[in-house]
Amino acid sequence: MNAVAQMLENCPSDDDSHQSGSSATWDERVLTEVSTVLFASLRRSDQRLRGVAYLRGLLGAKGRRSIRNMAALLGGSATEQSLHHFVSDSTWDWVPVRRSLARHITQLDPPMAYVVRPMVIPKTGENSVGVDRQFVSELGQLVNAQQAVGVWSATERMSVPLNWRLHLSPSWLNDRIRRRQASIPDDLGDRTLGDWAVEAAVETASGWGLPRRPVVLDARHMDLASTIASFRAAGVPFLARINGAVQLTVTDPALQGRTPEVQQAIQIMTAARDRMRPAPLPGRGPESGRPMHLTTKIGVRPSPAVRQLAGPGELALLGVAESRRQGPVELWLTDMTETRLPTLMRLSRLVRRADHDFRETTDRLGIRDFTGRSYAGWHRHVTLASAAHAVSVLDADEPGAKGAGGRRG
């Protein structure tokens, strides 16, 4: 069993949850410690002070976290101007700040996995950077919105957003006036949301010196071949939810000869229905959701068409069903073939953990409230909102905490 599989098998189960109101509670010592770590890359003391003020605004304001509302809490019109400049017009680089946050969080609460989750930001106008009338696959409809993707450090008890990408459509990338007004970098080219998701996940999991953990993501609307190829090239284990039409080659001895060599994932899992067994999933907490009772794991390889890009390595197909008669309601594909099925199912539930924490904490702290036109401003705002999330869920007084490394629950 490899090191990652061994770590996952030994990770304790904890299905506790936490809640956050519209105005967050936090420990002042946690804010001080996180701010010290977070803003170490900012050379100017006035920028560090404004960074702390922005965090206080996100944590303390009620209702929408607009710069005006935060400034009203902190000091009025002069504060509003300084906060606006700090986020939208300043020159500080958000990447070192994110990396510092990620290292701090993963040292205090080592993750089970890095979870990729999309974020849709509905808008009424057309001037916010990246906003467009576009089809959102998660909603199944056309929406005037920004689309982004985040990477979360996740355990069964807590998750924290670490890294972000904002999707820009051709209507932004090919319009020189829009690019100039939003200060979109010249080297930023056309990428799908799936491309950004994989890039952010690989950067977080393998490029920032964080604990080596698998990436968990919903790949039903991604190019699966390029997704697998990117994770394999980076040496990052993955667990990806897939749709039933994905073509796979069965390598499991128990099924070979009983099914065609290449067939759809849903057909493979249907043929293996008699192998499904009850799954020991947590019975409480947001990560369990509606109980899914039956699971199994089947050895597969990518189909020849996918294998040309993704490579020939062994994979495992997971099916989750509520009953044998109903058939699978979730299908997952992973390269962690040595990891036991119960552990893989625990990893898959981390998507629900991140969804819950987004609703109850991140969104309430205003991560979708930025209204500026600046590309850099958007990235700085979501970075600071991620830090505010961390401050609101960490607890300096929890027994056994390392510094401010507990959990507010």
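The values are calculated or read from the model by the stated rules, or taken from the named source; none is laboratory data. Predicted model only: the values in this text are computed from it and were never measured. With ideal geometry, Cβ positions are generated from the backbone for all residues, glycine too; neighbour counts draw on all protein chains shown. Areas reflect the complete protein model, heavy atoms only, side chains present, ligands, DNA and RNA absent. Shrake-Rupley method; radii C 1.70, N 1.55, O 1.52, S 1.80 Å.
Within region 183-219, being closer than 26 Å to residue 318 by Cβ, among the aliphatic types (A, V, I, L, M) and not in a helix (DSSP H, G or I) holds for 210, 215, 216, 217, 219. Among the residues making up region 20-36, those that are surrounded by fewer than 18 Cβ atoms within 10 Å (Cβ to Cβ), of a type in the set (Val, Ile, Thr) and in a helix (DSSP H, G or I) are 32, 36. Restricted to region 156-197, and to residues there that are in contact with a helix residue (DSSP H, G or I) (Cβ under 6 Å, 6 or more places away or on another chain) and of a type in the set (Ser, Thr, Tyr), the residue that is nearest to residue 350 (Cα to Cα) is 159. One residue stands out among those in region 83-124 that are hydroxyl-bearing (Ser, Thr, Tyr) and within 16 Å of residue 374 (Cβ to Cβ): the one that is most open to solvent (accessible area, probe 1.4 Å), which is 91. Filtered by the rule that a residue be part of a helix (DSSP H, G or I) and either touching a Phe, Trp or Tyr at 6+ places or on another chain (Cβ under 6 Å) or of a type in the set (Phe, Trp, Tyr) (or both), region 162-172 gives a lone residue, 172.
Inside region 66-79, can you point out the residues that are part of a helix (DSSP H, G or I) and either without any contact (Cβ under 8 Å) to a residue 24 or more places away in the chain or in contact with a strand residue (DSSP E or B) (Cβ under 9 Å, 6 or more places away or on another chain) (or both)? Walk me through it before giving the result.
Taking region 66-79 and keeping what is part of a helix (DSSP H, G or I), we get 67-74, 77-79.
Result: 67, 68, 69, 70, 71, 72, 73, 74, 77, 78.
From the list 75, 130, the lone residue that is loosely packed, with under 15 Cβ neighbours inside 10 Å and either under 25 Å from residue 36 (Cα atoms) or within 24 Å of the chain's Cα centre (by Cα) (or both) is 75.
For the subset of region 136-155 comprising residues that are touching a helix residue (DSSP H, G or I) at 6+ places or on another chain (Cβ under 9 Å) and open to solvent by less than 10 Å² (accessible area, probe 1.4 Å), which member is farthest from residue 386 (Cα to Cα)?
Checked region 136-155; the qualifying residue farthest from residue 386 (Cα to Cα) is 146.
The lone criterion from (1) at pLDDT below 90; (2) surrounded by fewer than 21 Cβ atoms within 10 Å (Cβ to Cβ) left unmet by residue 320 is number (2).
Filtering 382, 391, 351 for residues that are open to solvent by 10 Å² or more (accessible area, probe 1.4 Å) and in a helix (DSSP H, G or I) leaves a single hit, 351. When residues in region 95-117 are screened for being out of contact with any Lys or Arg (no Cβ under 9 Å at 6 or more places or on another chain) and either modelled with pLDDT under 95 or part of a helix (DSSP H, G or I) (or both), 10 of them pass.
Where residues in region 40-65 are touching a residue at least 60 places away in the same chain (Cβ under 8 Å) and assigned to a loop (DSSP other than H, G, I, E, B), which of them is most open to solvent (accessible area, probe 1.4 Å)? Step by step, filter region 40-65, then rank; the result is 64. Residues of region 173-182 that are surrounded by fewer than 20 Cβ atoms within 10 Å (Cβ to Cβ) and either in a helix (DSSP H, G or I) or touching a residue at least 24 places away in the same chain (Cβ under 8 Å) (or both): 173, 176, 177, 178, 179, 180, 181.
For region 223-243, which positions are under 20 Å from residue 269 (Cβ atoms), open to solvent by 40 Å² or more (accessible area, probe 1.4 Å) and in a loop (DSSP other than H, G, I, E, B)? The one that is under 20 Å from residue 269 (Cβ atoms), open to solvent by 40 Å² or more (accessible area, probe 1.4 Å) and in a loop (DSSP other than H, G, I, E, B): 243.
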